[in-house]
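Trainee: There's a structure below that I have some questions on.
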Number of protein chains: 2
Amino acid sequence: MRISELASATGVRVPTIKYYLREGLLPEAERTAATQAVYDERHAQRLRVVRALIGSGVSVAETRKVVAALDEPPADPHELLGAAHAAVTPVVTGERDLTAAQELVAQLGWRPGLCDETVLHAVAAALDALTAVGFTVPEHVMPVYLSSMRDIARAEIAGVPTDSVESAVRYVVLGSVMVEPLLLALRRVAEQVASAERFGEARG
Amino acid sequence: MRISELASATGVRVPTIKYYLREGLLPEAERTAATQAVYDERHAQRLRVVRALIGSGVSVAETRKVVAALDEPPADPHELLGAAHAAVTPVVTGERDLTAAQELVAQLGWRPGLCDETVLHAVAAALDALTAVGFTVPEHVMPVYLSSMRDIARAEIAGVPTDSVESAVRYVVLGSVMVEPLLLALRRVAEQVASAERFGEARG
């Protein structure tokens, strides 16, 4: 199909498609003649993924890493998941003390060498940001964060499809990134329900 | 203290402080003379909050809403939490079908009128984004998301301090926003641990 047909098929405007092409987020079209570029269902599917990622607030640079992980998955399943995570975890720069983060994630069963260091830096950066605003997670709350995230991760990883490398990568990459807004929104709703339970019922 | 002293006290550079002042994220200094502006500990504390929010990826517009909620908290605790949530929940625009979101959050104990509609739209938008990329949360995983978020919310709301309105607002606003990166990073670590458990142990 032509670029105008790709636009109709996906609901993404032609200038946006051209922007994604320039940014390397979509594979180039097949050139059937000097002025004729042909797109197929593969482009349409990728375009939906890119639009959804960017629409969810994922940056162009991170989206590029996600599509790279979808395009060239490593062979070993565990390594594959590590690569997918690394691709979609923003790299936190700067020197920081990882001690508190290591102690925290040890309670999740983490140990040195088990996984990609990027996520450990992300935990440390999140703890540092809390310290910076003088916010302390109450003592009874942190264990609930840990046990909840362990429950979630076990259920998610149990669901990784093993029929093909492509479907496993797709599941991990999209499941990691695209589920985040859902989890955060559900937390907000649950907080409002818990707040109504503790502080009084609905008005109006 | 002068602006240069405020910069030293907080580690935020003077041009950045001036930018925050222009954006209305910091209260104006007390003017002791036409050319003399005096800042106090209140400015330093607010500056640390603003820098941490913006450093966590919260937009200037959302940060402005957060500091407004810190400055003018409503009196009723439940309403206060609703206002705080509304302030820090990005407003999702556009027409959308809320049916699936309502059915989902009903399992959290939500019912119409209980809380701010903003969060319901956020749930619906997150579900729509998953549909757009063709990702389905496995049937056995969604109940784990719901029960985990309920456990987290109950523990968090049980920890809301009631000694003063200010401390309650601070807890809710900062706890909602600043804890998000921590939860997401812990989920990534837990996923890698679960992946190592399922697909093989650490290499190297």
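A short reminder: the numbers here are calculations on the coordinates, not readings from a lab. The model shown is predicted, which means the values in this text are computed figures rather than measured ones. With ideal geometry, Cβ positions are generated from the backbone for all residues, glycine too; neighbour counts draw on all protein chains shown.
Trainee: Could you list B:Asp116, A:Asp163, B:Asp97 so that the one with the fewest beta carbons within 10 Å of its beta carbon is first and the one with the most is last?
Mentor: Ranked by crowding around the Cβ, least crowded first: A:Asp163, B:Asp97, B:Asp116.
Trainee: At a 10 Å Cβ-Cβ cut-off, how would you order A:His85, A:His78, fewest neighbours first?
Mentor: The fewest-first ordering by Cβ neighbours comes to A:His78, A:His85.
Trainee: With 10 angstrom as the radius, rank B:Glu41, A:Glu156 by how many other C-beta atoms surround their C-beta, starting from the fewest.
Mentor: B:Glu41, A:Glu156
Trainee: To continue, here is another question. How well do other chains shield peptide A:37-50, expressed as the mean number of their Cβ atoms within 10 Å of each residue Cβ?
Mentor: Numbers: counts 0, 0, 0, 0, 0, 0, 0, 0, 2, 0, 0, 4, 4, 1.
The mean count of partner-chain Cβ atoms within 10 Å per residue comes to 1.
Trainee: OK, next. Just to confirm the numbers: B:Thr136, label point 7 angstrom along the Cα-Cβ line, distances to the other copies in nm, shortest first?
Mentor: 4.8
Trainee: What are the distances, in nm and sorted shortest first, from the label point of B:Ala68 to the label points of the same position in each other copy, with each label point placed 7 Å from Cα along the Cα-to-Cβ direction?
Mentor: The projected label point of B:Ala68 is separated from its counterparts by 4.0 nm.
Trainee: Once you keep just the Cα pairs under 8 angstrom separated by 6 or more residues, what percentage relative contact order results for chain B?
Mentor: Result for chain B is 18 percent.
Trainee: I've got another one for you. By the scheme Lys and Arg +1, Asp and Glu -1, what is the net charge of all other residues having a beta-carbon under 13 Å from that of A:Met1?
Mentor: -2
Trainee: Looking down the axis that turns B into A, which residue of B has the closest beta carbon, and how many Å out?
Mentor: It is B:Ser148, 2, counting Cβ atoms only.
Trainee: Quick check: net charge around A:Asp128, other residues with Cβ under 13 Å of its Cβ, Lys/Arg +1 and Asp/Glu -1?
Mentor: +1
Trainee: Per 20 Å bin, what is the whole-percent P(r) computed from every C-alpha pair distance within the protein assembly as shown?
Mentor: 25, 54, 20, 1
Trainee: For chain B, which semi-axes, largest first and in whole Å, follow from the square roots of 5 times the eigenvalues of its Cα gyration tensor?
Mentor: Each semi-axis is √(5λ); the values are 37, 23, 17 Å.
Trainee: Between the helical axis of B:41-55 and the dominant principal axis of chain B, each derived from Cα atoms, what acute angle in degrees is found, rounded to the nearest 10?
Mentor: 40 degrees
Trainee: Hey, another quick one. Roughly what angle does helix A:60-71 make with the longest principal axis of chain A, taking Cα atoms, 0 to 90 degrees, to the nearest 10?
Mentor: The angle comes out near 70 degrees.
Trainee: OK, next. Please enumerate, by chain and number, the lysines with C-alpha under 24 Å from the C-alpha of B:Lys18, excluding those fewer than 8 residues away in the same chain.
Mentor: B:Lys65
Trainee: Which length gain, in nm to one decimal place, applies between A:Lys18 and A:Ile3 when the Cα-Cα distance is subtracted from 0.36 nm times their residue separation?
Mentor: 4.5 nm
Trainee: Tally Lys and Arg at +1 and Asp and Glu at -1 over the other residues with C-beta under 10 Å from the C-beta of A:Leu25: what net charge comes out? Don't jump to the answer; show the numbers that get you there.
Mentor: On the way: positive: A:Arg22, A:Arg46, A:Arg51, A:Arg64; negative: A:Glu23.
That works out to +3.
Trainee: Between A:Arg111 and A:Glu28, what length in nm is gained on full extension when 0.36 nm per residue of separation is reduced by their alpha carbon distance? Spell out each step's value before the answer.
Mentor: Working: separation 83, 0.36 × 83 = 29.88 nm, distance 4.20 nm.
So the chain would gain 25.7 nm between A:Arg111 and A:Glu28.
Trainee: Another one. At B:Val38, label 7 Å along Cα→Cβ: distances to the other copies, nm, ascending?
Mentor: Its label point is 7.8 nm from the equivalent points in the other copies.
Trainee: How tilted is helix B:77-88 with respect to the longest principal axis of chain B? Cα atoms for both, answer in degrees (0 to 90, nearest 10).
Mentor: Computed tilt is about 90 degrees.
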